[in-house]
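Engineer: Below you will find the structure I want to go over with you.
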Amino acid sequence: MKVIFLDVDGVLNSTRFMVALHRKDAEYRHDFIDPIAVALINRLTDITGAKLVISSTHRKHIPDPLGNGRCLVAMQEYFDNFGITGKVIGYTPCSSTGHRGTEINEWISNERDHSYEVTHYVIIDDDSDMLESQIPFFVKTNAYDGFSYHNYKDALRIVTGK
């Protein structure tokens, strides 16, 4: 299975988009999601069949409506509301250090988190806190511009292995 580890702030929203919306403070808001970045992520999942694993801090704020912690159904709905059409199959664990690379590695290594064999993956994030072994699978976005066409092409190449 192909997996996209997806961040939100600096990927699906950006300073560029906030300024274009005339947000004078140009700060990130989870409810201002760039439809172009979303369309590029959707194209990536449509073409590759890749599934989404949420590595963004947004995963910490999506409660289970029944009060049982996090819930994949609620997480899917949250991303559906952004316009994301890909299937959310999981989210990375929250470590005490908050190191994304470690959390991603833990998700891949922990079979309890998923029942899928990960054959290809790409990490899309504007932060650089990845493990050295993950760098070939990492697409670093620019927080000012968000997920760009160039990032899309790099992610497509990585997740397809071509």
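The values are calculated or read from the model by the stated rules, or taken from the named source; none is laboratory data. Worth saying up front: this structure is predicted, and the values here are computed from it rather than measured. Methodologically, a virtual Cβ is constructed for each residue, glycine included, from the backbone with ideal geometry; neighbour enumeration extends over all protein chains shown. We work out accessible area using only protein heavy atoms, side chains counted, and drop any ligands, DNA or RNA first. Shrake-Rupley method; radii C 1.70, N 1.55, O 1.52, S 1.80 Å.
Engineer: What do the square roots of 5 times the Cα gyration tensor eigenvalues come to for the chain, in whole Å, largest first, as semi-axes of the equivalent ellipsoid?
Structural biologist: Ellipsoid semi-axes (Å, largest first): 22, 19, 15.
Engineer: Something else now. Run down the lysines and flag those whose C-alpha is under 27 Å from the C-alpha of Lys162, throwing out any fewer than 8 positions away in its chain.
Structural biologist: By straight Cα distance, Lys162 reaches Lys2, Lys51, Lys87, Lys140, Lys153.
Engineer: If R0 is 25 Å, what FRET efficiency do you get for Ala20 and Thr119 from their C-beta distance, rounded to 0.05?
Structural biologist: 0.10
Engineer: Could you give the length gained by full extension between Asn81 and Thr160, i.e. 0.36 nm per residue of separation minus their alpha carbon distance, to one decimal place?
Structural biologist: Length difference between fully extended and current span is 25.7 nm.
Engineer: Then there is this: In the stretch 80-162, carbon and sulfur make up what percent of the accessible area (probe 1.4 Å)?
Structural biologist: That fraction is 48 percent.
Engineer: A further question on this structure: Just reorder Phe79, Phe137 by solvent-accessible area, largest first, 1.4 Å probe, all chains present.
Structural biologist: Reading off the accessible areas and sorting them downward yields Phe137, Phe79.
Engineer: Can you show me the helix-derived [θ] at 222 nm for the chain, built from DSSP H runs with n ≥ 4 at -39,500 (n - 2.57) apiece and divided by the number of residues, rounded to the nearest 500.
Structural biologist: Calculated mean residue ellipticity at 222 nm is -10000 deg cm²/dmol.
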